[in-house]
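Here's the structure we're looking at; comments come further down.
The values are calculated or read from the model by the stated rules, or taken from the named source; none is laboratory data. No experiment lies behind these values; they were computed from the predicted model shown. Glycine gets a Cβ as well: all are built from the backbone with ideal geometry, and neighbour counts include every protein chain shown. We work out accessible area using only protein heavy atoms, side chains counted, and drop any ligands, DNA or RNA first. Shrake-Rupley method; radii C 1.70, N 1.55, O 1.52, S 1.80 Å.
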Amino acid sequence: MQITEIYRSIQGESSYAGLPCIFVRLTGCNLRCAWCDSEYTFTGGKRMSADEILAAVRAAGAAKLVEITGGEPLLQEREVVPLMVRLLAEGYTVLLETSGERPLARVPQAVVKIVDVKCPASGHGDSFALENLGWLTARDEIKFVVADRADYEFARQFLCRHQLQDRVGSVIFSPAFAKTASGSRDTTHCLLDPRLLTEWLLADQLPVRLGLQLHKFIWDPSTKGV
Ligand code: SF4
């Protein structure tokens, strides 16, 4: 597999936020989201075998939570699926962050799939593969990164049309973060004020979780490998 980095930090998103986690970040993505903060994963990285990745994960610390992320990890599905099977067999809880554009059919059921539905301001509002809804269970999570009111309306309608709250364990609405953000660790870098998003969620009484990217408030938002 082509790997950008393997490191230990805390999980910054999802219902696992705040827990110690080892990240395996794969290189390459087929999308180009307008607010992407992971452009450094698009190229480069180094070739690693599954054995080498497993050794690096074991060496990264005692945490039994691993996130497979990118880039888009499912671009390397042929190799990353067997890796996830081996991590599960070693007793890890495995999270998979994926854009929702790649098929989920071959992802092991025991993997916690954290699936983006891209909203229009990302530039990929039509990228979600609807057949993926059939592969999601109460173990999984769906995330909308929201940059403005139009994104919020898109996400709200998608949620209601597909009754997402009955399909997955968590539906997360998260304000988009400016990809050039650096310096202060506060909400001024959010493209949509979290307070405004919260007010909309409460007004509409949506059955969703507000998500903030914890790592952006702990470290300088431009810091990598955290
Ligand atoms: S899918 Fe993820 S890694 Fe790819 S461009 Fe979008 S935000 Fe960046």
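Key figures
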quantity	calculated
Residue check, residue 71 more than 16 Å from the ligand (Cβ to nearest atom), part of a loop (DSSP other than H, G, I, E, B) and of a type outside the set (A, V, I, L, M)	no
Within the stretch 176-226, tally of residues that are of a type in the set (D, E, K, R) and within 22 Å of residue 4 (Cα to Cα)	4
Total residues in the stretch 74-103, condition within 16 Å of the ligand (Cβ to nearest atom) and more than 17 Å from residue 124 (Cβ to Cβ)	5
For residue 32: the one exception among (1) within 24 Å of residue 117 (Cβ to Cβ); (2) open to solvent by less than 40 Å² (accessible area, probe 1.4 Å); (3) within 16 Å of the ligand (Cβ to nearest atom)	(2)
Positions within the stretch 86-125 being outside any loop (DSSP other than H, G, I, E, B) and either touching a Pro at 6+ places or on another chain (Cβ under 6 Å) or more than 30 Å from residue 148 (Cα to Cα) (or both), in sequence order	86, 87, 88, 89, 93, 94
Any hit, the stretch 16-27, residues being outside any strand (DSSP E or B), more than 10 Å from the ligand (Cβ to nearest atom), of a type in the set (A, V, I, L, M, F, W, C) and in contact (Cβ under 8 Å) with a residue 60 or more places away in the chain	yes
Selection count, the stretch 101-140, where residues are in contact with a Phe, Trp or Tyr (Cβ under 9 Å, 6 or more places away or on another chain) and acidic (Asp, Glu)	2
Total residues in the stretch 52-109, condition open to solvent by 50 Å² or more (accessible area, probe 1.4 Å), of a type in the set (A, V, I, L, M, F, W, C) and under 16 Å from the mean Cα position of the chain (by Cα)	1
Neighbours by Cβ (under 8 Å, 6+ apart or cross-chain): first from the stretch 73-102, touching a residue at least 12 places away in the same chain (Cβ under 8 Å) and among the hydrophobic types (A, V, I, L, M, F, W, C); second open to solvent by 50 Å² or more (accessible area, probe 1.4 Å) and within 16 Å of the ligand (Cβ to nearest atom)	74/102; 74/103; 75/30; 75/102
Subset tally (residues that are open to solvent by less than 70 Å² (accessible area, probe 1.4 Å), hydroxyl-bearing (Ser, Thr, Tyr) and not in a strand (DSSP E or B)) for the stretch 153-209	4
Hey, residue 39 closer than 18 Å to residue 224 by Cβ and out of contact with any helix residue (DSSP H, G or I) (no Cβ under 6 Å at 6 or more places or on another chain) or not	yes
Identity of the residue in the stretch 115-137, in contact with a Leu (Cβ under 6 Å, 6 or more places away or on another chain) and open to solvent by less than 50 Å² (accessible area, probe 1.4 Å), that ends up farthest from the ligand (Cβ to nearest atom)	132
Subset of the stretch 38-68 (residues that are more than 16 Å from the ligand (Cβ to nearest atom), among the hydroxyl-bearing types (Ser, Thr, Tyr) and assigned to a helix (DSSP H, G or I))	none
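Each row is one residue, and each column tells you yes or no for (1) modelled with pLDDT under 95; (2) out of contact with any Asp or Glu (no Cβ under 8 Å at 6 or more places or on another chain).
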{"residue": "162", "(1), (2)": "no, yes"}
{"residue": "166", "(1), (2)": "no, yes"}
{"residue": "169", "(1), (2)": "no, no"}
{"residue": "180", "(1), (2)": "yes, yes"}
